[in-house]
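First the structure, in the form of structure tokens, and then the observations on it.
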Amino acid sequence: MDVILSEAAPRTDLDLAIRVERVSHAFQTPAGTPVLALDDVSFDVPRGQFLALVGASGCGKTTILNMAAGLVQPVAGTVVVNGARVTRPSRRTGYMFARDGLLPWRSARRNIEVGLELRGVPVSERRATGSRLLDLVGLKAFGSSYPWQLSQGMRQRVALARTLAIDPDTLLMDEPFAALDAQTKLMLQTEFLRIWERDRKTVLFVTHDLAEAVALADRVIVLTCRPGRIQADIAIDLPRPRDPERIRFDHHYLRLSERVWQALKAGEAAS
Amino acid sequence: MTITARTADDGRVLDTLARSEADRRARRRRRTAWVWAARAIVLGLFVGLWQWTVDIGAIDPFFFSQPSAIAGFLVEEVRDGSIWPHVLVTLRETLVGFAVGAGGGVAAGIVRMQFPFVADVSNPFLTILNVLPRVALAPMFIIWFGVGEGSKVALAVSLVFFILMLNTEAGIRSLDRELVLTMRALGATDRQLFWKVMLPGAVPAIFGGLRLGVVYALLAVVVGEMISAHMGLGQRIAFHAASFRAEGVLGTILVLAVIGLGLNLAVVRAEQVLLRWRGDAP
């Protein structure tokens, strides 16, 4: 196993945002045979780190995310977020999916505000946050538009704003830009990095797009397939602020990409 | 979005584009006019042919009446005001039956979707009641609720209830799982999920049920009135039929058609207002 720890300094639990400890998970296939999806996976995410999980589809990346979100309970092992073992969805955690999941009967603004509404935040405060986030994701003029009136990229911006509106400590992202065309994807990555680099929340980011992982993250964990195990843990020591559009031509970026790619290949060969 | 021309050539292209768009709109308007004209012609031909064949003695007005006789009957009914109490009774029975049946049906659908145990227990009973031709219950409703308006309302409720219950359940069941998952991840409680996702998500299906239900409510009321009633347009139809007055039967049916159209229009309008977010609302 090719493990490179990204943090040399010893950490206390206070600095820890997420701890995945000896997690194993299995699924029942429709045919009835159990399949081992995750096999003894452990890793820590320090507060403020942007961690990307990469691996081929069906490697249990999303399962780890769902565990951190409290939507799935591991068969063995524990997932701790912000010092507490996760047993159900936390209101301090934001989760963003590949599909926007916008409520079609709510305008963009009301979709952004929905998380605050669920938390019982007063209307005036909600409106203020809604306006601020519409502005932040560049949709100032589209607050009263319904989802069907927005393009795919705009809808995903609304989804991003909705996730940020609740001001989460931790961001869980499951291929949030996967459903977008290449151009829109780059644009949203750039914008997301710009927003993220301001307050540096802890991010657990699942993707099968290697370029995306290296361009955005501080650290990339490569998972093998069936069962999911950690193949490599690679620090991405590219300077910030980063521009995902320009970084693609950077030499160091290319070297890191190659390392991630080789780890992926090795993982595929091993399984 | 406005496009501004940068060169003379661009200007020509944009002009052509605007012209062809205007052409398309004009064509569409002309077509709509023609559709309405054709409809008027079809109606005129039908009424005229009917009037004429009776005039020349080709068909017997005793069985088929005549447009002029029906018009005369309606004018008379409206002038002496004798039709209004019956219209009022039929309308009231329909609206009360529709409201109670729809409210109960939506509530039952919600409860059954929220409590699978209730759904499982009630399934066989509700299935039997639903497949039963409810009109066959009309005599029992008259025994139970009297010859007055109660029995008609009951018959309407028995039809509308099931339509709305089944549509509400279908609406909740067909909800996009993605929305539920997203809202759950956003921290929605079960209660919030229900009020903010499931119920609004079921509204289009509920409106499908309301559009059908309002027609069935009128049907049930008229059938009930025809079987036994003191008042109501169904009672008038039975009365005119018993005294062999075809123009009375057909004239009353025409009034019922107008009422049915009005009720349907009211539901469609409410749907348009409530489902603006769909953009493609019918």
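The values are calculated or read from the model by the stated rules, or taken from the named source; none is laboratory data. None of the values given here were measured: they were computed from a predicted structure. Ideal geometry is used to build each Cβ from the backbone, glycine not excepted, and the neighbour counts take in all protein chains shown. With ligands, DNA and RNA removed, areas are computed over all heavy atoms of the protein, side chains included. Shrake-Rupley method; radii C 1.70, N 1.55, O 1.52, S 1.80 Å.
Within the range A:82-97, restricting attention to residues that are in contact with a Leu (Cβ under 9 Å, 6 or more places away or on another chain) and open to solvent by less than 60 Å² (accessible area, probe 1.4 Å), the residue that is farthest from the other protein chains (Cβ to nearest Cβ) is A:ASN82. Annotation note: Cβ proximity below 6 Å between a residue of the range B:252-269 that is farther than 10 Å from B:VAL215 by Cα and a residue that is in a helix (DSSP H, G or I) (sequence gap 6+ or interchain) occurs for B:THR252/B:LEU233; B:THR252/B:ARG236; B:THR252/B:ILE237; B:LEU256/B:LEU233; B:VAL267/B:LEU210; B:VAL267/B:ARG211; B:VAL267/B:VAL214. Would you confirm whether or not the range B:194-204 contains a residue that is crowded, with 21+ Cβ neighbours inside 10 Å, assigned by TED's automatic domain parsing to the domain that holds B:GLY81 and touching a His at 6+ places or on another chain (Cβ under 9 Å)? No. Can you confirm whether the range B:158-173 contains a residue that is touching a Ser or Thr at 6+ places or on another chain (Cβ under 9 Å) and in contact (Cβ under 8 Å) with a residue 24 or more places away in the chain? Scanning the range B:158-173, I find no residue that is touching a Ser or Thr at 6+ places or on another chain (Cβ under 9 Å) and in contact (Cβ under 8 Å) with a residue 24 or more places away in the chain, so the answer is no.
Please indicate, with yes or no, whether at least one residue in the range A:71-78 is within 9 Å of another protein chain (Cβ to nearest Cβ) and closer than 30 Å to A:GLU21 by Cα. Yes; the residues of the range A:71-78 include at least one that is within 9 Å of another protein chain (Cβ to nearest Cβ) and closer than 30 Å to A:GLU21 by Cα. Restricted to the range A:109-132, and to residues there that are open to solvent by 20 Å² or more (accessible area, probe 1.4 Å) and in a loop (DSSP other than H, G, I, E, B), the residue that is nearest to the other protein chains (Cβ to nearest Cβ) is A:ARG119.
For (1) part of a helix (DSSP H, G or I); (2) within 14 Å of another protein chain (Cβ to nearest Cβ); (3) open to solvent by less than 30 Å² (accessible area, probe 1.4 Å), each residue gets a yes or a no:
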site: B:ASP120; (1), (2), (3): yes, no, no
site: B:ALA138; (1), (2), (3): yes, no, yes
site: B:VAL160; (1), (2), (3): yes, no, yes
site: B:GLY171; (1), (2), (3): yes, yes, yes
site: B:VAL180; (1), (2), (3): yes, yes, yes
site: B:GLN192; (1), (2), (3): yes, yes, no
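Criterion applied to A:GLU197, A:GLU191, A:GLU245, A:GLU212 was being among the acidic types (Asp, Glu), within 22 Å of A:LEU136 (Cα to Cα) and within 13 Å of the chain's Cα centre (by Cα), and the one residue passing it is A:GLU212.
Scanning the range B:194-220 for residues that are at the interface with chain A (Cβ under 10 Å from one of its Cβ atoms) and either modelled with pLDDT of 95 or more or within 12 Å of B:VAL106 (Cβ to Cβ) (or both) gives a single hit, B:VAL203.
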